[in-house]
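Each remark here refers to the structure printed beneath this line.
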Amino acid sequence: MASSDSHHVVPVGAYIAVFLALVAFTGITVWAAGQDFGAYNTAVAVGIAVAKATMVVLIFMHVKWGTKLTQLYVVAGVVFLLILIAITMSDYISRPWPIMR
Amino acid sequence: MSEATGSALQHHFTSLDQQKNAATLGMWAFIVQEVLFFGGMFTVYTVYRSQYYSVFEACSHHLDWKLGALNTIVLICSSLTMALAVHAAALGKGKAAAVWLAATIALGAWFLGNKVVEYHQKWEDQLIPGLRWGAAADVGRELHLAGADVDRAQLYFSLYFGMTGLHALHMIIGIPILAWLARRAWAGHFSIEYSTPVELTGLYWHFVDIVWIFLFPLLYLIGHR
């Protein structure tokens, strides 16, 4: 099990760096909400949130140093979440809704 | 092997490495189903937001985004203290781990306290669907909405309470677990060989942080332009 590396101890500096980045990105997301990006405001907000979540998953949750199987679980979870939202929305936006507006 | 290693290793595992990998994978299986559990609510949010775009923006404008931003920072701080608790426990520093866990609990409690303030304000404003929803004229004036949009605002606030409430419930469940871990860490139950409970609870706490990272912009910040 040489690949498992389960005793890897992440240096404290990495945690501090992620923490500072998360605080900065929180500021950026508040700033971005006040800007007019047309139809893309939500995409910008979700993009920033995805970047923050990725840092938390990789560093705080140690997935960067995790086993391949753990990493596969994480990716599978995200893929199935995207399937859930994409298939549902493809239905809702491709036919009129009687009570819409 | 030290005595602690011997007692930490369950007989059905061949090594501590294998035992820890199995436990970590099991925790991730739980977290992935949590992703889809919350994912159902995010899907409902996406559907209704796309249908009632302007109503959601008007309702979002009513939330206190400054309190939401403060809570985001508080929760990020609690994730840092949690990471430092895991770090200390992995190095066998039980007392330090206990202190960081206590700090995590304090920050979690601060977050929930702010949530109580917010919920109370919604109670005062009569914006709690099904429990305390004001007359159409009052709600319409409060949210700057008119006609059928006033009723549709209930969708937004149902999602607001459903999603933030479920998120808060996860923290309410997490805090006693953190307290139990702090007690064990202080008593010296964890070592360099074995600190898996702290590590796995850390995964749970960070996951709860991630949920809020998405909830904050999607609920608090969509009415700002």
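The values are calculated or read from the model by the stated rules, or taken from the named source; none is laboratory data. What you see is a predicted model; the values in this text were computed from it and never measured. Cβ placement follows ideal geometry from the backbone for every residue including glycine, while neighbour counts extend to all protein chains displayed.
Are any residues in the stretch A:23-39 at the interface with chain B (Cβ under 7 Å from one of its Cβ atoms), among the hydrophobic types (A, V, I, L, M, F, W, C) and surrounded by fewer than 19 Cβ atoms within 10 Å (Cβ to Cβ), and if so, which ones? Can you show your working first?
First pass over the stretch A:23-39, keeping only residues at the interface with chain B (Cβ under 7 Å from one of its Cβ atoms): A:23, A:26, A:29-30, A:33-34, A:36.
Remaining after also requiring among the hydrophobic types (A, V, I, L, M, F, W, C): A:23, A:30, A:33.
The one that is at the interface with chain B (Cβ under 7 Å from one of its Cβ atoms), among the hydrophobic types (A, V, I, L, M, F, W, C) and surrounded by fewer than 19 Cβ atoms within 10 Å (Cβ to Cβ): A:V23.
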Among (1) under 22 Å from B:F216 (Cα atoms); (2) crowded, with 19+ Cβ neighbours inside 10 Å, B:A106 falls short only on (2)
Considering residues that are of a type outside the set (A, V, I, L, M, F, W, C), in contact with a Leu (Cβ under 9 Å, 6 or more places away or on another chain) and within 24 Å of B:T43 (Cα to Cα), the number found within the stretch B:123-150 is 2
Per the filter on the stretch B:202-225, residues among the hydroxyl-bearing types (S, T, Y) and either crowded, with 22+ Cβ neighbours inside 10 Å or farther than 19 Å from B:H87 by Cβ (or both) are B:Y220
Residue hits (the stretch A:56-72; buried (at least 19 other Cβ atoms within 10 Å of the Cβ) and either free of Cβ contacts under 8 Å to residues at least 40 places away in the same chain or in a helix (DSSP H, G or I) (or both)) are A:V56, A:V57, A:I59, A:F60, A:M61, A:V63, A:G66, A:T70
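Can you find even one residue in the stretch A:66-78 that is of a type in the set (K, R), closer than 23 Å to B:M82 by Cα and more than 8 Å from chain B (Cβ to nearest Cβ)? Full working, then the answer.
Taking the stretch A:66-78 as the starting set, the residues that turn out to be of a type in the set (K, R) are A:68.
Subsequent filtering for residues that are closer than 23 Å to B:M82 by Cα retains none.
No; the residues of the stretch A:66-78 include none that is of a type in the set (K, R), closer than 23 Å to B:M82 by Cα and more than 8 Å from chain B (Cβ to nearest Cβ).
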Subset of the stretch B:184-204, residues within 9 Å of chain A (Cβ to nearest Cβ) and assigned to a helix (DSSP H, G or I), comes to B:E199, B:G202, B:L203
When B:G130 is run through (1) touching a Cys at 6+ places or on another chain (Cβ under 7 Å); (2) outside any helix (DSSP H, G or I), the failure sits at (1)
Only unsatisfied item for B:V32, checking (1) in contact with a helix residue (DSSP H, G or I) (Cβ under 6 Å, 6 or more places away or on another chain); (2) touching a residue at least 12 places away in the same chain (Cβ under 8 Å); (3) surrounded by fewer than 21 Cβ atoms within 10 Å (Cβ to Cβ); (4) farther than 30 Å from B:A146 by Cβ, is (2)
Sole miss for B:V44 among (1) of a type in the set (V, I, T); (2) farther than 24 Å from A:L72 by Cβ; (3) free of Cβ contacts under 8 Å to residues at least 12 places away in the same chain; (4) surrounded by fewer than 17 Cβ atoms within 10 Å (Cβ to Cβ) is condition (3)
Per the list (1) in contact with a Leu (Cβ under 8 Å, 6 or more places away or on another chain); (2) surrounded by fewer than 21 Cβ atoms within 10 Å (Cβ to Cβ); (3) of a type in the set (A, V, I, L, M, F, W, C), residue check on B:F111 breaks on (2)
| request: Check the stretch B:12-23 and report whether any residue there is surrounded by 13 or more Cβ atoms within 10 Å (Cβ to Cβ), more than 25 Å from the chain's Cα centre (by Cα), modelled with pLDDT under 90 and more than 10 Å from chain A (Cβ to nearest Cβ). | output: no
Checked pairs for the stretch B:55-79, first surrounded by 23 or more Cβ atoms within 10 Å (Cβ to Cβ), second of a type in the set (D, E, K, R), C-beta under 6 Å and 6 or more apart or across chains, list as B:V55/B:D149; B:V55/B:R152; B:F56/B:R49; B:L75/B:D209; B:S79/B:D209
